[in-house]
Protein chains: 2
Amino acid sequence: MIFPGKVLIAQGGGPTAVINQSLVGAVLEARKFAQVTKVYGAISGVNGIVNENFYDLTRETTHNLEQVAMTPSSALLSTRDKPDEKYCKEIFTVLKAHDIRYFFYIGGNDSADTVRIVNQQAKISNYELRAIHIPKTIDNDLMINDHTPGYGSAAKYITNAFIGSNLDNRALPGIYIGVVMGRHAGFLAAASALAKKYEDDGPHLVYLPERVFSIEQFLVDVKNVYDKHGRCVIAVSEGIQDEKGVPIITSLMEKVEKDAHGNIQLSGTGALGDLLCKYIRDNLNIKRVRSDTLGYPQRCFMGCVSDVDRNEAREVGEKAAQFALWDNVDGSITIHRTGHYSVDYRLTQLDAVAGKTKVMPDAFINSACNNVTEAFLNYARPLLGSDMHYAHRLRAPKIPKILYK
Amino acid sequence: MIFPGKVLIAQGGGPTAVINQSLVGAVLEARKFAQVTKVYGAISGVNGIVNENFYDLTRETTHNLEQVAMTPSSALLSTRDKPDEKYCKEIFTVLKAHDIRYFFYIGGNDSADTVRIVNQQAKISNYELRAIHIPKTIDNDLMINDHTPGYGSAAKYITNAFIGSNLDNRALPGIYIGVVMGRHAGFLAAASALAKKYEDDGPHLVYLPERVFSIEQFLVDVKNVYDKHGRCVIAVSEGIQDEKGVPIITSLMEKVEKDAHGNIQLSGTGALGDLLCKYIRDNLNIKRVRSDTLGYPQRCFMGCVSDVDRNEAREVGEKAAQFALWDNVDGSITIHRTGHYSVDYRLTQLDAVAGKTKVMPDAFINSACNNVTEAFLNYARPLLGSDMHYAHRLRAPKIPKILYK
């Protein structure tokens, strides 16, 4: 039996460029169902739920929802709160008080875990609640999913940044290191490899957290590339670790700042890039060594959204509403590749996604542990969408010298 | 009298997203003139001239030139060589040996100075040479010009980055500092202000090298914004200086790296952003303080070119060929605003542009020295081009609380 009642939707964790597509997909779809009495939006994720901070999204215009859908970063705002059992009980209390029967939470594996716990509590209390996790993360690290909404646009940003940095480095040769987000999963750093078109293009080296990073081997790799091309473009994941699993950056920071989840804070500082540059300068006789830590534009850059990513983010939101309201089931929406290139969506058990992290499969990483494989490029390229542009070079003949000075 | 002979074109200094539009504009226009026997392109700027490394661009297809025009960064590659009188004599010797009668150099104020010296030497030697400087720089710091090709696209990148960072910061509040390129001129950092749409949007503070930066006043400014909005987004130019004209970053770096021009190396390191973050954390009781040093993507990001900038970059190249080949004159192409929004191009004496730096006029900077004025926004907005998108917010009514816990 389909229960009449309210829908509540919230957004959690780090924002993405397309997270509002999922919000709007779920809201517009939910508003079509007669048994939905209202559609609420929680302000600032689970924090807004326990504090009863809700928008009435039933009274938002369709036009403005469409405008919001095109806007990066959580329109309902977000939170770093990571609910424990007690916090989830408070969530559940509020859901009951407001007669909420459908709960959609857009987020990563932490958010999936919150949905799982709240759903358990509803079952224990015999309260009819459909709870569905809607995936999003630029890290692309959710289990079961072929890929996640948010990754395609972040990957497109990284690809465009490395196309530019490779061209810049080709015009004014030297060593360039771009440090890319990704604590445990290297998918985003790997996307830099999509920038390569001509044989001598960068990135020439790509280092991922899935493989042990040896600073000695790094130096050998860089020297080899530099000797061959007179320059070297390198993508490094912020999460690279040594053989003991210690982040390379950790040994360098006097005081390691931690976030609310107890994770080490790796973003928002140039320390890793600066360290690697200094190490190269100290050990190889190369003058022009530069690094960028690519930072927040990776998540929410305005002008560079993948249309494939946008459409899929929209659909996972729609599918959440459809599964809950047509099929009366709980779970996590997952994306599955069905062709080159097409996808379909399924509902997966929450505990298969919640709290777990997917990393790059072995088939996507080369044996030298310093680049991606063709298999990764084939996997990732469609996610950049339909309007990618790549570099072109002059092909004119050279002129014979006259003076030979 | 119009001399028959060859055209030589080169690109110097830091690349931009549209510098190849100017190259292609000049090449295609020059190829139309009967007195032009060949069109050469020097590989790696003036370095390619003294070493006689030339492409024959007369034999490049129009189609490929159009593809190259859409590609960021110098297709002819670049150089950091800054020619002195002796170096310019070598250039002149090569020009004579190859019967080059028209010399176009795309670059900033250093490149304009090279054109000026080579032109002088041709005059002294009674050698018929038309030498024209074609403007480019993301810094927007060339005299006489209303603005420079390359600035609009870099400004568009900065605007899009700050639209995203502001949304991100709004979703997960705290302090965000974005460090923007610009050693002496603050035009690029100022472009961050174009990201602001709603009244409480960031950037809330913009610090420019044209004004003395007081670290104490900075703290007061940040605290005021944070107390009001619970968050603060800040744009800082990499070139900010104290009251003695000493760059803020200098006091912090044990060893200051210098580039080939003897300039202090400010880019490619997160030191300034990290310092400012640490200073805020140490002095204000705010937990979430992050910085990005926006780095190389500012110059050559692939996916975010301004169409206005692209068209103007094309036209300055075309105009250079027209002035030299129709009018038989020397100088620097300059851009002049003739309406809102339209421009025209003039030929300006080389010594009015060469080696000089334009900075932000007083009318563009607010009296508190921590933001731009409406006048700047009106000046800069048309340069972003026709396809800018801005953020939209939900406007739905709030729901009354039930539990009030």
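Summary table below
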| quantity | calculated |
| --- | --- |
| Cα-based Rg and Dmax for the protein assembly as shown, where Dmax is the largest Cα-Cα distance (Å) | 27.8, 98 |
| Rounded to 5, percent antiparallel among DSSP beta bridges of segment B:1-119 | 25 percent |
| Unit Cα scatterers, Debye sum, segment B:1-71: log10 I(q)/I(0) for q = 0.29 Å⁻¹ | -1.36 |
| Segment B:341-401: projected area of the alpha-carbon convex hull, averaged over directions, in nm² | 8.9 nm² |
| Largest-first principal axis extents, alpha carbons of segment B:259-405, Å | 81, 44, 35 |
| DSSP bridge orientation in chain B - percent antiparallel, rounded to nearest 5 | 30 percent |
| Helix-only mean residue ellipticity at 222 nm for chain A, each DSSP H run of n ≥ 4 adding -39500 (n - 2.57), per residue, nearest 500 | -10000 deg cm²/dmol |
| Ascending list, in nanometres, of distances separating the A:Pro361 label from those of the other copies (7 Å, Cα toward Cβ) | 6.1 |
| Kirkwood Rh (inverse of mean 1/r, distinct Cα pairs), segment A:36-173, angstrom | 17.1 Å |
| Helical segments meeting 15 Å axial Cα length and Kyte-Doolittle 0.5 threshold in chain A (DSSP H) | A:19-30 |
| Test item: A:65-74 mean partner chain Cβ contacts at 10 Å | 5 |
| Long-range HN-HN contacts of B:Val343 with modeled amide H, under 5 Å | B:Thr338 |
| Cα gyration tensor of chain A - equivalent ellipsoid semi-axes, whole Å, descending | 44, 23, 17 |
| Under 11 Å, Cβ to Cβ, from B:Gln241 - net charge with Lys/Arg +1 and Asp/Glu -1 | -1 |
| Computed over segment B:80-136, Kirkwood Rh from alpha-carbon pairs, angstrom | 11.2 Å |
| Proximal lysines to B:Lys156, defined as alpha-carbon separation beneath 21 angstrom and excluding residues fewer than eight positions away on the same chain | A:Lys156, B:Lys136, B:Lys196, B:Lys197, B:Lys358 |
| Residue order, fewest to most surrounding Cβ atoms within 10 angstrom, among B:Leu142, B:Leu77 | B:Leu77, B:Leu142 |
| Footprinting exposure proxy for B:Asp227, A:Asp81, B:Asp242 (fewest neighbouring C-beta atoms within 10 Å first) | B:Asp227, B:Asp242, A:Asp81 |
| Estimated distance in nm for a label pair at B:Glu90 and B:Lys228, the labels positioned 7 Å out from Cα along Cα-to-Cβ | 5.6 nm |
| Charge tally in the Cβ shell below 9 Å around B:Ser214, where Lys, Arg are +1 and Asp, Glu are -1, B:Ser214 excluded | -3 |
| Candidate aspartates and glutamates for bridging to B:Lys82, where Cα separation is under 16 Å - those fewer than 8 sequence places away on the same chain excluded | B:Glu90, B:Asp110, B:Asp113, B:Asp259 |
| Label point 7 Å beyond Cα along the C-beta direction, distances from A:Arg337 to other copies (nm, shortest first) | 4.9 |
| Cβ-vector label at 7 Å, B:Asp56, separations to other copies in nm | 7.7 |
| Proxy reagent accessibility, fewest Cβ within 10 Å first, across B:Asp99, A:Asp292, B:Asp282, A:Asp274 | B:Asp282, B:Asp99, A:Asp274, A:Asp292 |
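Rule-based calculations on the coordinates, nothing more; no lab input. The structure presented is a predicted model; accordingly, all values stated were derived computationally and were not measured. In this analysis, Cβ positions are derived from the backbone assuming ideal geometry, glycine residues included, and neighbour counts consider all displayed protein chains.
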